[in-house]
Amino acid sequence: MPDDSSLRTRALRVTALTRHNLLLRRRDPANLITYVITPMVLIALFKPVLTRLMPYGGTAQDVTGMLVLTSTLTLQIVGMSLLSERTWRTWEMLRSTPATAAELLIGKALPVLAVLLLQQVVVIGYGVAVAGLRMSGLPVLLLLALLVWSITLLAAGSLLATLVRSHSQLTVLTDIGAIVLSTLAGALLPLSMMPSIARHIAPASPGYWAISMLKAAIRGDAAGTLAPAAILGGIALVAGAIACMRLRRGLALLRS
Amino acid sequence: MLEAIGLVKRYGQVTALDGFTLSVAPGEITGLVGHNGAGKTTFTRIVAGLAAPDAGHITVAGLAPRRAARLIGVAPQEISLYPAVTVRESLCMFGGLHGLRRKSLAAAIGEVSDALCLGGFLDTRIASLSGGQQRRAQAAVALLHRPPLVLLDEPTAGVDPQTRRALLAALRQRAADGAAIVYTTHYLPELADLQATLAVARGGRIIARGTAQQLMAGLPGQITLDLGDEVLTVPATDTAATLAQLLTTINKPLRGVSVTEPSLDDLYQAVASHA
């Protein structure tokens, strides 16, 4: 009998799971298409306003703001990918195989992370190619920022999926939460134009740190990128740890 | 292959298993029967490593269930497959998790496809299949990696006769090849088809265990005598002796005689009601 715990066997199981979850994502591309098209339209619509309001940095505000707003909505993709396992009753089938909880989570997370990154890279690419966003920093710094934000979304979405009891609850939470938190973070309008109370509570929104991080990465400010990245990393760590603990219990807490 | 001794499992105030003891040998098909709430599904979940007992001891081939996952094939009561992927894609994924690769995986898929007649819909998405086809696909996942222990929880619920025949034939073959099979069902005639030993569960424990012949010994059959103006029905443990005695004592002309041997249903009713 092959050794179930050998590194090679584990890697092969994660590969099988990742391939399968990528297939699931390919079979249901509707959300991704929505979250790629929507920011493109919003960037085009808001650009004239924002560049008039902010002669310097208006395009960066426009692209990063719309990216954060729509990428926060992708929390729904993360949450649905986990909640669907309950709807289909497939989580227990997976748990009855030799795959460990960690392998199941990695196999589930990698394709979703790829989707989140893809959405953000496409939006940034559109910003550069069409909206006239000027990149002063190294692409690797921006990629790092996008990766950190994607991991934060992945962790937050996973936690949400373990807290809600149904798809409709998840939809309500992600739609309202994403729009409110992103607006508070300054995704639609720069914080300087928002009421002072909004400016005071903005740092409570992860989106605030994401916009700061992305703007800094675009202008090539490494220190300005890494500080908010560290805060987002901390949020991701806490949310991810709680989500993993709950998921290890086999989504048992998600009884409807 | 499977040894469960004195399993106890509680969910809050509810005791799902209360000293559940069951052994299944290699090559043996055990029909696990009992009313809803008897503990059958909880037991199946514990064997599959999906739940841990609060007390008692369980091993699969000498290993704790979680460590024996590769040795176990599971088909739960409800369809538990990804609707958006095809049967072949499902088999590839679950086969991959059980360590099957390329040639061995292709061979295993070919084998279960033949055994369960999946060929016509192997490349059809699960969501597009009929209920019976989905059941066959789910059983195929359980049998794919040739596990020495197969757990099937009501695998023929709501299926057509063709699916039932295909599944029972595949299980008989697997048992002949040495697999231990735990088959939970409410359809007792299937267990006769499978020549299964019986384990009757009630209140979270096994209350009767043995072959159908062993358990039915002493269970009354029924003799029906048609006497023209009346029909006489007499329960009889030894039907031949009782019939002989009846024939010597009846003074009326006899129009007809029928002898009904006890069925598995009778056995189940008797055991469940007297335990």
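The values are calculated or read from the model by the stated rules, or taken from the named source; none is laboratory data. None of these values were measured; they are calculated from a predicted model. Glycine also receives a Cβ, built like all others from the backbone with ideal geometry; neighbour counts cover every protein chain displayed.
Could you count how many residues in the stretch A:129-154 are touching a residue at least 12 places away in the same chain (Cβ under 8 Å) and either loosely packed, with under 15 Cβ neighbours inside 10 Å or within 15 Å of residue A:35 (Cβ to Cβ) (or both)? Looking only at that region, the number is 10. All conditions in (1) out of contact with any Phe, Trp or Tyr (no Cβ under 7 Å at 6 or more places or on another chain); (2) in a helix (DSSP H, G or I) hold for residue B:90, with the sole exception of (1). Cβ-Cβ distances below 8 Å connect the following pairs, each with a first residue in the stretch A:191-208 that is within 25 Å of residue A:154 (Cβ to Cβ), a second residue that is among the polar types (S, T, N, Q), and a separation of six or more residues or different chains: A:205/A:182; A:206/A:152; A:207/A:72; A:207/A:182.
Could you please let me know if residue B:121 is more than 10 Å from chain A (Cβ to nearest Cβ) and in contact (Cβ under 8 Å) with a residue 24 or more places away in the chain? Yes: the conditions hold for residue B:121.
Which numbered condition in (1) surrounded by 24 or more Cβ atoms within 10 Å (Cβ to Cβ); (2) closer than 19 Å to residue A:213 by Cα is the only one that residue A:57 fails? All conditions are met except number (1).
Considering only residues that are more than 17 Å from residue B:216 (Cα to Cα) and either among the small types (Gly, Ala, Ser) or touching a residue at least 60 places away in the same chain (Cβ under 8 Å) (or both), which ones fall in the stretch B:228-257?
Let us first name the residues in the stretch B:228-257 that are more than 17 Å from residue B:216 (Cα to Cα), namely B:228-234, B:241-257.
Correct list: B:228, B:241, B:244, B:256.
Modelled with pLDDT of 90 or more and of a type in the set (Ser, Thr, Tyr) - does that describe any residue in the stretch A:184-194? No, the stretch A:184-194 has no match at all. Considered as a group, the residues in the stretch A:100-127 that are surrounded by fewer than 17 Cβ atoms within 10 Å (Cβ to Cβ) and farther than 25 Å from residue A:241 by Cβ include one that is nearest to the chain's Cα centre (by Cα), and that residue is A:118. Of everything in the stretch B:9-26 that is in contact (Cβ under 8 Å) with a residue 60 or more places away in the chain, more than 17 Å from the chain's Cα centre (by Cα) and more than 18 Å from residue B:208 (Cα to Cα), the residue that is surrounded by the fewest Cβ atoms within 10 Å (Cβ to Cβ) is B:15.
Name the residues in the stretch A:6-44 that are away from chain B (no Cβ under 14 Å) and either touching a helix residue (DSSP H, G or I) at 6+ places or on another chain (Cβ under 8 Å) or surrounded by 12 or more Cβ atoms within 10 Å (Cβ to Cβ) (or both), would you? Matches in the stretch A:6-44: A:32, A:34, A:35, A:36, A:37, A:38, A:39, A:40, A:42, A:43, A:44. Does residue B:67 satisfy the criteria of being assigned to a strand (DSSP E or B) and surrounded by fewer than 17 Cβ atoms within 10 Å (Cβ to Cβ)? When the stated conditions are applied, residue B:67 does not pass them. Annotation note: of B:198, B:225, the sole residue that is modelled with pLDDT of 80 or more, in contact with a Gly (Cβ under 9 Å, 6 or more places away or on another chain) and farther than 29 Å from residue B:42 by Cβ is B:225. Can you name the residue in the stretch B:179-207 that is touching a Ser or Thr at 6+ places or on another chain (Cβ under 9 Å), hydrophobic (A, V, I, L, M, F, W, C) and not in a strand (DSSP E or B) and is also surrounded by the most Cβ atoms within 10 Å (Cβ to Cβ) among such residues? Going through the qualifying residues, I end up with B:196.
Looking at the structure I just gave you, is residue A:65 modelled with pLDDT under 90 and not polar (S, T, N, Q)? No, not satisfied.
Any idea which of A:110, A:116, A:67, A:104 is within 14 Å of another protein chain (Cβ to nearest Cβ), among the aliphatic types (A, V, I, L, M), in a helix (DSSP H, G or I) and at negative phi?
Working: A:110 fails: within 14 Å of another protein chain (Cβ to nearest Cβ); A:116 fails: within 14 Å of another protein chain (Cβ to nearest Cβ); A:67 fails: within 14 Å of another protein chain (Cβ to nearest Cβ).
Just a single option satisfies the conditions, and that option is A:104.
In a residue-by-residue description of the stretch B:53-67, the property of being facing another protein chain (nearest Cβ under 10 Å), under 17 Å from residue B:9 (Cβ atoms) and not aromatic (Phe, Trp, Tyr) applies to at least one position.
Could you look through the stretch B:77-104, keep only residues that are farther than 18 Å from residue A:26 by Cβ and crowded, with 20+ Cβ neighbours inside 10 Å, and pick out the one that is farthest from the other protein chains (Cβ to nearest Cβ)? Break it down into steps so the answer makes sense when it comes.
If we filter the stretch B:77-104 for residues that are farther than 18 Å from residue A:26 by Cβ, which is where we start, we get B:77-80, B:91, B:94-95, B:97-104.
In the following step, the residues that additionally are crowded, with 20+ Cβ neighbours inside 10 Å were identified as B:80, B:91, B:94-95, B:97-100.
Details: B:80: 4, B:91: 11, B:94: 7, B:95: 8, B:97: 4, B:98: 6, B:99: 5, B:100: 9 Å.
Across the stretch B:77-104, the extreme among qualifying residues is B:91.
Screening residue A:89 with (1) within 30 Å of residue B:95 (Cα to Cα); (2) assigned to a loop (DSSP other than H, G, I, E, B); (3) in contact (Cβ under 8 Å) with a residue 40 or more places away in the chain gives one miss only, at (3).
As a summary of the residue check, residue B:133 satisfies the conditions (1) away from chain A (no Cβ under 13 Å); (2) over 20 Å from the mean Cα position of the chain (by Cα); (3) part of a helix (DSSP H, G or I) except for the one numbered (2). There is at least one residue in the stretch A:38-56 that is over 21 Å from residue A:125 (Cα atoms) and of a type in the set (D, E, K, R).
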